1. Are there any helices (runs of 4 or more DSSP H) wholly within region A:120-224 with 3 or more residues that are within 18 Å of A:His91 (Cα to Cα) and either touching a residue at least 60 places away in the same chain (Cβ under 8 Å) or of a type in the set (Gly, Ala, Ser) (or both), and if so which?
2. Has region A:45-58 got any residue that is on the phi > 0 side of the Ramachandran plot, of a type outside the set (Val, Ile, Thr) and surrounded by fewer than 17 Cβ atoms within 10 Å (Cβ to Cβ)?
3. Which of the residues that make up region A:42-91 are within 24 Å of A:Leu167 (Cβ to Cβ), assigned to a loop (DSSP other than H, G, I, E, B) and at pLDDT below 85?
4. Regarding region A:81-94, can at least one residue be identified that is charged (D, E, K, R) and within 30 Å of A:Lys11 (Cα to Cα)?
5. What are the pairs, 6+ residues apart or on separate chains, where a residue within region B:111-125 that is on the phi < 0 side of the Ramachandran plot has its Cβ under 8 Å from a residue that is aromatic (Phe, Trp, Tyr) and crowded, with 20+ Cβ neighbours inside 10 Å?
6. What's the number of the only condition in (1) facing chain C (nearest Cβ under 10 Å); (2) part of a helix (DSSP H, G or I) that A:Pro112 fails to meet?
7. In this structure, is C:Leu389 within 30 Å of A:Phe90 (Cβ to Cβ), away from chain B (no Cβ under 14 Å) and not in a loop (DSSP other than H, G, I, E, B)?
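The values are calculated or read from the model by the stated rules, or taken from the named source; none is laboratory data. The model shown is predicted, which means the values in this text are computed figures rather than measured ones. Glycine also receives a Cβ, built like all others from the backbone with ideal geometry; neighbour counts cover every protein chain displayed.
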Amino acid sequence: MSLLEIKNVSKIYGELKALDNVSIHVDQGEWVAIMGPSGSGKSTMMNIIGCMDKPTMGEVLLDGVDIAKESSKRLTDIRRDKIGLIFQQFHMVNYLTAVENVMVSQYYHSMPDEEEALEALGRVGLRERARHLPSQLSGGEQQRVCVARALINHPELILADEPTGNLDEANENIVLDLFRQLHREGTTLIVVTHDPEVADAAQRTIVLEHGKLVKEVINEHFEA
Amino acid sequence: MKKRVLPLVILCLSVLIAVGSQTFLSPCVHEDGSFGACHWAGQAMLGLGCLTAVMGLLLLFRPGSRSGLFIAAAAAGVLGTLIPGTLIALCSMSAMRCRAIMQPAMTLLCCLVILAAAAGLILEERKGGRKP
Amino acid sequence: MSAAGLPFKNLTRKPGRTWALVLLTAFLSLSLFAGSVVVMSLQSGLRSLEARLGADIIVVPAAAKTKTDFQNILLQGTTGAFYMDAGLLDQIAAAEGVEKAAPQTFLATLKADCCSSRLQVIGIDQQADFTVQPWIAQSSSRELGPLEVAVGSDISAGVGDTLRIYRQSCPVVARLSPTGTGLDTAVYCSMETMKTLLEAAEEMGVSHKVTSDNAEEVISAVYVKVAEGASVDQVATSLMSHPRWKVAVVQTRSMITDVSDGLAGVASAVKVLIGAVWALSFVILLVVFALLTNERKREFAVLRLIGASRRSLRRLILTETGLVCLLGGCLGIAVGAAVIFLFTALIESALGLPYLTPDGGKIALVAVLSLLGTALMGALASARTAWHLSRVDTGSILREGN
């Protein structure tokens, strides 16, 4: 069953075609990497899937709903209910502690539950650091808090933009291991990256160039 | 650094009370060399200001017994609000210097001492509670 | 963590910024509250002066400075005494256009030491008087007996105390309600008591004789009510121009006009001051919030992407501003109230105008309005920020630097 169905999507900024008639489909529970050099349109793709932008043309069906046609208020709801976002630059709220950052996400979704938030931090190995402010955490730790925040509301889709771009190898492995766990639990993962190693961890890799889909590779050695 | 702010506030207020009671907040202008009750109220405030100044100095430079010193400073502040007017009578006319200037100014300064001491005490107790 | 938790946390984790904003808003509410209370006090002082004067014309001896002295006694509570022949009273009462005439006799006590200031003693004719008597009646139901006195509210003696005036023991039988005028610093007694006191003063070498005449009895002022239909100006002119009386007249209307002119001057100065503080604060607040917009773009983008709606972001900013305004507003009002109420006597003497603090209900109303005004100002200043921030382009901000 497909969770995400992108049909003939184009995004045009003036003269520039950031996405040019791209069609992708992602199944429920699948782990897909989107690769490409900068300017290839992967950021635009990420924005559209993440309900932060709308395509100029085409359909984007997320769980059967065409998000290209929804109002921005509905998009906020959809993003909140279905998608967990992870960015390259961590993006924590800097005056809140780790556990509070996770709880804000719960608050906007439903009800803050400190026990559950602490459990999520436990999953990323940061239960001990729950009361620390972002400035007291290393980059890798901040990114792990963001992973905990992304998964706290049990989203159907985790959308990660260069999640390991600013991390050392050890932390990169921790994050990738977390992704493997999530995948085993049935969460759909879409990871935008230019790092072949990160892409290799996924089941399938989609390669974009100049806004066009140029290649699709199934990872033969994928181990769940 | 943070521990020093409130003691410093108390010290400054004390100096204001002590110096003020003899100068710009003094109860009377002596034209004829006679002293009324309000003059002695001013003298009492001089003493009280010196007392709270010592408490401020102890809080600043001597570790320990901080809670006790804050309580004592607050109590001295209460005494200070009572000296002019209640414990020592002032002049009969409300427009006179002792009642128009000294009494309200001393009440204000002493209330600030009480507030600063209470805040200090609360912080002190909370800190104590966190790491017993 | 609750809906209020987030703005509260932001404020507590940035104490420097928060306190700066709180102090600024405290200035706003302080200026509004203190300024309004001062102006209101002056207004009720003026009303109370009007009520207490109650006469159209006051006749005083024609000596050079008596008119000024008399006004200072009424307005500023200074002491003074001047005399004319008591026989003039009947003649004035009989003059054309005069409906009522009531005498008052003044006596200033001596200054014994630093703490006993000179008191203004005012003797009234309890049968004829129509200005002070109704005021005394508010505090005491019976007439003042021999040597009994009523004291103004600025004198600290209470009922049951005894005042020593020229070696006479005068029991205080009433304390009068405050008027905000110089009348509050005076001591009132009957004409009979005044006679006794004048004699006692004479024994101690304080003369109260009218120098030119050889009058048996003296009075200091005559309060005149002009008859219905007669012109106050004409009556005043005819009293003043009488060849043998040698009197000056004070028209209460012009005195009240003087006071209300003074009040208008103070009120407009206060208004300019409040306006300046508010304009300046508004500009500062706008700048501060504009700077914050930039600084907090990223934070709001993060909140947007974890599911905050635009509305909830606007609410977040307005709640933060609201908390700051509430704290600052209350602080400003507390400081304003402390200064205004503690230093009433000082303000009164500095302004030199009748100054009567309004009652608690009115002051509470002013406090609430000042708080609302401050909150409104904060909301206005942050509205632009709220609007901008709730409209941030989430994707582009969060991907900056990629």
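1. On the way: elements: A:139-151, A:169-184, A:196-200.
The qualifying helices (runs of 4 or more DSSP H) are A:139-151.
2. Of all residues in region A:45-58, those on the phi > 0 side of the Ramachandran plot come to A:51, A:58.
This time we only want the ones that are of a type outside the set (Val, Ile, Thr), so: A:51, A:58.
Then keep just the ones that are surrounded by fewer than 17 Cβ atoms within 10 Å (Cβ to Cβ); that gives none.
Among the residues of region A:45-58, not one is on the phi > 0 side of the Ramachandran plot, of a type outside the set (Val, Ile, Thr) and surrounded by fewer than 17 Cβ atoms within 10 Å (Cβ to Cβ), which makes the answer no.
3. Correct list: A:Met52, A:Phe87, A:Gln88, A:Gln89, A:Phe90, A:His91.
4. Within region A:81-94, the subset charged (D, E, K, R) is A:81-82.
Filter again for within 30 Å of A:Lys11 (Cα to Cα), leaving A:81-82.
Among the residues of region A:81-94, at least one is charged (D, E, K, R) and within 30 Å of A:Lys11 (Cα to Cα), which makes the answer yes.
5. B:Ala117/B:Phe70; B:Ala118/B:Phe70; B:Gly120/B:Phe70; B:Leu121/B:Phe70; B:Glu124/B:Phe70
6. (2)
7. Details: within 30 Å of A:Phe90 (Cβ to Cβ): yes; away from chain B (no Cβ under 14 Å): yes; not in a loop (DSSP other than H, G, I, E, B): yes.
Yes, satisfied.
Residue by residue, here is whether (1) more than 18 Å from C:Asp184 (Cβ to Cβ); (2) among the basic types (Lys, Arg); (3) within 18 Å of the chain's Cα centre (by Cα); (4) surrounded by 17 or more Cβ atoms within 10 Å (Cβ to Cβ) holds:
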{"position": "C:Thr319", "(1), (2), (3), (4)": "yes, no, no, yes"}
{"position": "C:Leu327", "(1), (2), (3), (4)": "yes, no, no, yes"}
{"position": "C:Leu346", "(1), (2), (3), (4)": "no, no, yes, yes"}
{"position": "C:Pro354", "(1), (2), (3), (4)": "no, no, yes, yes"}
{"position": "C:Val366", "(1), (2), (3), (4)": "yes, no, yes, yes"}
{"position": "C:Ser382", "(1), (2), (3), (4)": "yes, no, no, yes"}
